[in-house]
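The values are calculated or read from the model by the stated rules, or taken from the named source; none is laboratory data. As the structure is a computational prediction, the values presented were derived from the model and not from experiment. No Cβ is skipped: glycine too gets one built from the backbone with ideal geometry, and neighbour counts run over all protein chains shown. Just the protein is used for accessible areas: all its heavy atoms, side chains included, with ligands, DNA and RNA removed. Shrake-Rupley method; radii C 1.70, N 1.55, O 1.52, S 1.80 Å.
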Amino acid sequence: MQKTFLEKTKAKTIIFDGAMGTLIMAAGMNSVKSPTLLNLEKPELVTDFHKQYFNAGADVVLTNTFSANPLKLKAEGIERQMETLNREAVKLARHVCPEGKFVAGDIGPTGKMLPPMGDCTHEEMQEAFYLQAKALIESGVDLLVIETMYSLEEAVSAVRGIKNAGDIILIASMTFNKTQMGYFTLMGETVGQCASILEQAGANMLGANCTLGSADMIDLTKELRASTAKPILIQPNAGKPVTRKGITYYEQTPSEFAQDAGILKEMGADMIGGCCGTNPEFIQALTATLSGNSIAD
(Lines give C-alpha, C1' and ligand atoms only; values in the text may rest on other atoms or scores of the structure.)
Protein backbone atom coordinates (compact mmCIF):
# COMPACT_ATOMS: atom_id res chain seq x y z
CA MET A 1 0.00 0.00 0.00
CA GLN A 2 2.93 2.36 0.57
CA LYS A 3 3.95 2.11 -3.09
CA THR A 4 0.32 2.64 -4.12
CA PHE A 5 0.04 5.75 -1.98
CA LEU A 6 3.25 7.22 -3.41
CA GLU A 7 2.02 6.54 -6.94
CA LYS A 8 -1.30 8.19 -6.17
CA THR A 9 0.37 11.38 -4.90
CA LYS A 10 1.98 11.72 -8.34
CA ALA A 11 -1.28 11.13 -10.20
CA LYS A 12 -3.75 13.39 -8.37
CA THR A 13 -4.27 15.74 -5.45
CA ILE A 14 -4.83 13.46 -2.46
CA ILE A 15 -7.83 14.45 -0.33
CA PHE A 16 -7.54 13.97 3.43
CA ASP A 17 -10.45 14.02 5.85
CA GLY A 18 -11.60 16.90 8.05
CA ALA A 19 -11.55 17.33 11.81
CA MET A 20 -12.39 14.40 14.08
CA GLY A 21 -12.73 16.74 17.06
CA THR A 22 -15.33 18.87 15.29
CA LEU A 23 -17.57 15.84 14.77
CA ILE A 24 -17.01 14.66 18.34
CA MET A 25 -18.15 18.03 19.69
CA ALA A 26 -21.12 18.14 17.31
CA ALA A 27 -22.19 14.75 18.66
CA GLY A 28 -22.16 16.14 22.21
CA MET A 29 -19.14 14.09 23.24
CA ASN A 30 -16.80 16.97 24.07
CA SER A 31 -16.97 16.20 27.80
CA VAL A 32 -15.44 12.74 27.40
CA LYS A 33 -12.25 12.31 29.45
CA SER A 34 -10.12 11.69 26.35
CA PRO A 35 -11.42 11.59 22.75
CA THR A 36 -9.42 8.41 22.16
CA LEU A 37 -11.56 6.57 24.73
CA LEU A 38 -14.39 6.73 22.21
CA ASN A 39 -12.54 4.00 20.31
CA LEU A 40 -13.58 1.66 23.12
CA GLU A 41 -16.69 3.31 24.55
CA LYS A 42 -18.42 4.49 21.35
CA PRO A 43 -16.80 2.54 18.50
CA GLU A 44 -19.87 2.86 16.27
CA LEU A 45 -19.63 6.65 16.51
CA VAL A 46 -15.97 6.73 15.46
CA THR A 47 -16.64 4.30 12.62
CA ASP A 48 -19.50 6.48 11.40
CA PHE A 49 -17.26 9.57 11.38
CA HIS A 50 -14.70 7.78 9.21
CA LYS A 51 -17.44 6.54 6.89
CA GLN A 52 -18.84 10.06 6.50
CA TYR A 53 -15.44 11.35 5.39
CA PHE A 54 -14.88 8.50 2.95
CA ASN A 55 -18.36 9.07 1.51
CA ALA A 56 -17.56 12.77 1.15
CA GLY A 57 -14.61 11.90 -1.09
CA ALA A 58 -11.62 11.60 1.23
CA ASP A 59 -8.82 9.37 -0.03
CA VAL A 60 -7.30 9.22 3.46
CA VAL A 61 -8.79 9.23 6.95
CA LEU A 62 -6.78 9.73 10.12
CA THR A 63 -7.28 7.40 13.05
CA ASN A 64 -8.78 8.75 16.27
CA THR A 65 -5.38 8.71 17.98
CA PHE A 66 -4.27 12.35 17.98
CA SER A 67 -3.87 12.30 21.77
CA ALA A 68 -3.05 8.59 22.15
CA ASN A 69 0.66 8.74 22.92
CA PRO A 70 1.83 7.51 26.36
CA LEU A 71 2.80 10.93 27.71
CA LYS A 72 -0.52 12.51 26.74
CA LEU A 73 -2.51 9.57 28.10
CA LYS A 74 -0.53 9.63 31.35
CA ALA A 75 -1.95 13.07 32.08
CA GLU A 76 -5.40 11.44 31.93
CA GLY A 77 -4.30 8.43 33.99
CA ILE A 78 -4.97 5.98 31.16
CA GLU A 79 -1.48 5.37 29.78
CA ARG A 80 -1.81 1.61 30.34
CA GLN A 81 -4.50 1.56 27.64
CA MET A 82 -2.21 3.12 25.04
CA GLU A 83 -1.70 0.05 22.89
CA THR A 84 -5.36 -0.98 23.01
CA LEU A 85 -6.61 2.50 22.14
CA ASN A 86 -4.32 2.76 19.12
CA ARG A 87 -5.03 -0.76 17.87
CA GLU A 88 -8.79 -0.32 18.16
CA ALA A 89 -8.61 3.01 16.35
CA VAL A 90 -6.92 1.41 13.36
CA LYS A 91 -9.43 -1.44 13.36
CA LEU A 92 -12.37 1.01 13.28
CA ALA A 93 -10.97 3.03 10.38
CA ARG A 94 -9.90 -0.05 8.44
CA HIS A 95 -13.37 -1.57 8.83
CA VAL A 96 -14.94 1.14 6.64
CA CYS A 97 -11.97 1.91 4.38
CA PRO A 98 -12.95 1.30 0.73
CA GLU A 99 -10.57 -0.45 -1.62
CA GLY A 100 -8.03 1.95 -3.07
CA LYS A 101 -8.24 4.35 -0.11
CA PHE A 102 -6.00 4.70 2.92
CA VAL A 103 -5.84 4.80 6.72
CA ALA A 104 -3.26 7.12 8.30
CA GLY A 105 -2.19 6.81 11.91
CA ASP A 106 -2.63 10.20 13.58
CA ILE A 107 0.09 11.30 16.02
CA GLY A 108 -0.19 14.61 17.86
CA PRO A 109 2.07 16.44 20.31
CA THR A 110 2.77 15.06 23.77
CA GLY A 111 1.70 18.17 25.65
CA LYS A 112 5.13 18.22 27.28
CA MET A 113 7.93 20.74 26.89
CA LEU A 114 11.61 20.06 26.38
CA PRO A 115 14.32 21.89 28.39
CA PRO A 116 14.76 24.71 29.20
CA MET A 117 11.01 25.36 29.11
CA GLY A 118 10.03 21.93 30.44
CA ASP A 119 11.43 18.83 32.09
CA CYS A 120 10.64 16.17 29.47
CA THR A 121 13.83 14.76 27.98
CA HIS A 122 14.41 14.04 24.30
CA GLU A 123 14.76 10.36 25.16
CA GLU A 124 11.40 10.23 26.97
CA MET A 125 9.66 12.04 24.14
CA GLN A 126 11.23 9.90 21.44
CA GLU A 127 10.28 6.73 23.33
CA ALA A 128 6.66 7.87 23.61
CA PHE A 129 6.41 8.44 19.87
CA TYR A 130 8.15 5.12 19.21
CA LEU A 131 5.62 3.20 21.32
CA GLN A 132 2.59 4.82 19.70
CA ALA A 133 3.98 4.41 16.20
CA LYS A 134 4.81 0.76 16.85
CA ALA A 135 1.22 0.06 17.90
CA LEU A 136 -0.17 1.86 14.85
CA ILE A 137 2.22 0.22 12.38
CA GLU A 138 1.61 -3.27 13.77
CA SER A 139 -2.14 -2.64 13.51
CA GLY A 140 -1.89 -2.02 9.79
CA VAL A 141 -1.93 1.69 8.98
CA ASP A 142 -0.81 2.67 5.49
CA LEU A 143 1.11 5.76 6.63
CA LEU A 144 1.66 7.96 9.67
CA VAL A 145 0.97 11.68 10.10
CA ILE A 146 2.65 13.73 12.81
CA GLU A 147 0.51 16.86 13.01
CA THR A 148 -0.10 20.13 14.88
CA MET A 149 3.53 20.32 15.96
CA TYR A 150 4.36 23.76 17.35
CA SER A 151 7.93 22.81 18.32
CA LEU A 152 10.46 21.69 15.74
CA GLU A 153 12.45 19.90 18.45
CA GLU A 154 9.43 17.82 19.39
CA ALA A 155 8.66 17.11 15.73
CA VAL A 156 12.22 15.85 15.21
CA SER A 157 11.88 13.63 18.29
CA ALA A 158 8.69 12.25 16.79
CA VAL A 159 10.32 11.53 13.43
CA ARG A 160 13.26 9.76 15.06
CA GLY A 161 11.06 7.70 17.36
CA ILE A 162 8.80 6.66 14.50
CA LYS A 163 11.72 5.75 12.25
CA ASN A 164 12.86 3.34 14.95
CA ALA A 165 9.39 1.75 15.03
CA GLY A 166 9.30 0.60 11.43
CA ASP A 167 9.56 1.38 7.73
CA ILE A 168 6.50 3.43 6.81
CA ILE A 169 5.59 6.62 4.93
CA LEU A 170 5.78 9.51 7.39
CA ILE A 171 4.29 12.98 6.96
CA ALA A 172 5.51 15.63 9.41
CA SER A 173 3.11 18.59 9.68
CA MET A 174 3.88 21.75 11.63
CA THR A 175 1.52 24.50 12.79
CA PHE A 176 2.50 28.10 12.07
CA ASN A 177 1.36 31.55 13.13
CA LYS A 178 1.14 34.36 10.60
CA THR A 179 2.97 37.55 11.65
CA GLN A 180 4.02 40.76 9.98
CA MET A 181 7.45 39.17 9.57
CA GLY A 182 6.12 35.98 7.98
CA TYR A 183 5.20 32.51 9.20
CA PHE A 184 6.71 31.08 12.39
CA THR A 185 6.00 28.21 14.77
CA LEU A 186 5.15 29.05 18.38
CA MET A 187 8.81 28.39 19.17
CA GLY A 188 10.00 30.82 16.49
CA GLU A 189 11.10 28.45 13.73
CA THR A 190 10.63 29.41 10.09
CA VAL A 191 9.00 27.35 7.34
CA GLY A 192 12.38 26.83 5.67
CA GLN A 193 14.06 25.71 8.90
CA CYS A 194 11.30 23.20 9.60
CA ALA A 195 11.40 21.78 6.07
CA SER A 196 15.17 21.39 6.02
CA ILE A 197 15.56 19.85 9.47
CA LEU A 198 12.56 17.50 9.16
CA GLU A 199 13.88 16.25 5.83
CA GLN A 200 17.27 15.57 7.42
CA ALA A 201 15.56 13.74 10.28
CA GLY A 202 13.87 11.39 7.81
CA ALA A 203 10.35 12.68 7.11
CA ASN A 204 9.11 11.44 3.73
CA MET A 205 6.59 14.23 3.26
CA LEU A 206 5.96 17.60 4.93
CA GLY A 207 2.92 19.63 5.84
CA ALA A 208 1.19 22.46 7.68
CA ASN A 209 -2.07 22.27 9.60
CA CYS A 210 -4.24 24.01 12.18
CA THR A 211 -4.08 27.60 13.54
CA LEU A 212 -4.57 29.23 10.12
CA GLY A 213 -7.60 29.37 7.85
CA SER A 214 -7.47 28.46 4.18
CA ALA A 215 -6.82 32.03 2.97
CA ASP A 216 -3.81 32.44 5.27
CA MET A 217 -2.49 29.05 4.19
CA ILE A 218 -2.04 30.18 0.57
CA ASP A 219 1.22 32.10 1.01
CA LEU A 220 2.40 29.52 3.54
CA THR A 221 1.90 26.77 0.98
CA LYS A 222 3.87 28.77 -1.57
CA GLU A 223 6.72 29.17 0.92
CA LEU A 224 6.68 25.51 1.93
CA ARG A 225 6.65 24.44 -1.72
CA ALA A 226 9.73 26.59 -2.33
CA SER A 227 11.45 24.96 0.66
CA THR A 228 11.12 21.30 -0.33
CA ALA A 229 10.77 18.99 -3.32
CA LYS A 230 8.91 16.44 -1.21
CA PRO A 231 5.09 16.05 -1.36
CA ILE A 232 3.29 18.46 0.96
CA LEU A 233 0.04 18.19 2.93
CA ILE A 234 -2.01 21.29 3.77
CA GLN A 235 -4.88 21.13 6.29
CA PRO A 236 -6.35 24.56 7.11
CA ASN A 237 -8.95 25.43 9.72
CA ALA A 238 -12.41 26.54 8.63
CA GLY A 239 -11.44 30.18 8.87
CA LYS A 240 -10.94 32.06 12.13
CA PRO A 241 -12.84 30.94 15.24
CA VAL A 242 -15.48 33.23 16.73
CA THR A 243 -16.66 32.79 20.32
CA ARG A 244 -20.18 33.73 21.36
CA LYS A 245 -21.57 33.00 24.83
CA GLY A 246 -18.68 30.65 25.49
CA ILE A 247 -19.25 28.62 22.33
CA THR A 248 -16.68 28.65 19.51
CA TYR A 249 -17.82 28.76 15.90
CA TYR A 250 -16.03 28.70 12.57
CA GLU A 251 -17.87 30.93 10.12
CA GLN A 252 -16.24 29.95 6.83
CA THR A 253 -18.53 28.13 4.40
CA PRO A 254 -17.57 24.87 2.65
CA SER A 255 -17.56 26.58 -0.75
CA GLU A 256 -15.22 29.34 0.48
CA PHE A 257 -12.91 26.70 1.91
CA ALA A 258 -12.99 24.71 -1.32
CA GLN A 259 -12.31 27.79 -3.45
CA ASP A 260 -9.17 28.52 -1.43
CA ALA A 261 -8.20 24.86 -1.69
CA GLY A 262 -8.14 25.20 -5.44
CA ILE A 263 -5.55 27.95 -5.01
CA LEU A 264 -3.61 25.81 -2.51
CA LYS A 265 -3.34 23.19 -5.24
CA GLU A 266 -2.01 25.81 -7.65
CA MET A 267 0.55 26.86 -5.03
CA GLY A 268 1.90 23.32 -4.94
CA ALA A 269 -0.09 21.34 -2.37
CA ASP A 270 -0.02 17.63 -3.25
CA MET A 271 -2.45 16.66 -0.46
CA ILE A 272 -5.25 18.79 1.03
CA GLY A 273 -7.59 18.18 3.95
CA GLY A 274 -9.25 20.08 6.76
CA CYS A 275 -8.46 20.83 10.38
CA CYS A 276 -10.49 22.54 13.14
CA GLY A 277 -14.05 23.44 12.17
CA THR A 278 -14.16 21.34 9.02
CA ASN A 279 -16.65 18.49 8.61
CA PRO A 280 -17.77 16.15 5.78
CA GLU A 281 -19.51 19.04 3.99
CA PHE A 282 -16.14 20.77 3.65
CA ILE A 283 -14.51 17.63 2.29
CA GLN A 284 -17.39 17.11 -0.14
CA ALA A 285 -16.98 20.67 -1.43
CA LEU A 286 -13.21 20.20 -1.60
CA THR A 287 -13.63 16.98 -3.57
CA ALA A 288 -16.02 18.61 -6.01
CA THR A 289 -13.78 21.64 -6.59
CA LEU A 290 -10.65 19.60 -7.16
CA SER A 291 -12.51 17.36 -9.58
CA GLY A 292 -13.62 20.36 -11.60
CA ASN A 293 -17.14 20.69 -10.25
CA SER A 294 -18.57 23.11 -7.68
CA ILE A 295 -20.97 22.84 -4.78
CA ALA A 296 -23.23 25.65 -3.59
CA ASP A 297 -23.58 26.25 0.16
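Scan segment 219-249 for residues that are open to solvent by 30 Å² or more (accessible area, probe 1.4 Å), under 18 Å from the mean Cα position of the chain (by Cα) and not basic (Lys, Arg) and jot them down.
Across segment 219-249, the qualifying residue is only 231.
If residue 245 satisfies every condition in (1) touching an Asp or Glu at 6+ places or on another chain (Cβ under 9 Å); (2) at positive phi but one, which is the exception?
Against the list (1) touching an Asp or Glu at 6+ places or on another chain (Cβ under 9 Å); (2) at positive phi, residue 245 comes up short only on (1).
Looking only at segment 52-74, decide whether some residue is charged (D, E, K, R), open to solvent by less than 70 Å² (accessible area, probe 1.4 Å) and out of contact with any Pro (no Cβ under 8 Å at 6 or more places or on another chain). Before the answer, list the steps.
Filtering segment 52-74 for residues charged (D, E, K, R) gives 59, 72, 74.
This time we only want the ones that are open to solvent by less than 70 Å² (accessible area, probe 1.4 Å), so: 59.
With out of contact with any Pro (no Cβ under 8 Å at 6 or more places or on another chain) added as a condition, the list becomes 59.
Yes - at least one qualifying residue is present in segment 52-74.
Only one residue in 141, 145 is assigned to a loop (DSSP other than H, G, I, E, B), at pLDDT 95 or above and surrounded by 15 or more Cβ atoms within 10 Å (Cβ to Cβ), so which one is that?
Values: 145 fails: assigned to a loop (DSSP other than H, G, I, E, B).
One residue alone meets the criteria, 141.
In this structure, is residue 153 among the acidic types (Asp, Glu), closer than 19 Å to residue 275 by Cβ and either in contact (Cβ under 8 Å) with a residue 12 or more places away in the chain or not in a strand (DSSP E or B) (or both)? Before the answer, list the steps.
On the way: among the acidic types (Asp, Glu): yes; closer than 19 Å to residue 275 by Cβ: no; either in contact (Cβ under 8 Å) with a residue 12 or more places away in the chain or not in a strand (DSSP E or B) (or both): yes.
When the stated conditions are applied, residue 153 does not pass them.
Can you name every one of the helices (runs of 4 or more DSSP H) wholly within segment 20-101 that holds 1 or more residues which are in contact with an Asp or Glu (Cβ under 9 Å, 6 or more places away or on another chain) and within 28 Å of residue 3 (Cα to Cα)?
Values: elements: 20-26, 38-41, 43-56, 70-74, 82-95.
Fully inside segment 20-101 and qualifying: 20-26, 43-56, 82-95.
Considering each of 36, 13, 47, 9 in turn, give the residue that is closer than 28 Å to residue 257 by Cβ, β-branched (Val, Ile, Thr) and surrounded by 24 or more Cβ atoms within 10 Å (Cβ to Cβ).
Details: 13 fails: surrounded by 24 or more Cβ atoms within 10 Å (Cβ to Cβ); 47 fails: surrounded by 24 or more Cβ atoms within 10 Å (Cβ to Cβ); 9 fails: surrounded by 24 or more Cβ atoms within 10 Å (Cβ to Cβ).
Only one candidate qualifies: 36.
Would you call residue 158 part of a helix (DSSP H, G or I), crowded, with 20+ Cβ neighbours inside 10 Å and either basic (Lys, Arg) or at pLDDT 95 or above (or both)?
On the way: part of a helix (DSSP H, G or I): yes; crowded, with 20+ Cβ neighbours inside 10 Å: yes; either basic (Lys, Arg) or at pLDDT 95 or above (or both): yes.
Here the answer is yes, as residue 158 does meet what is asked.
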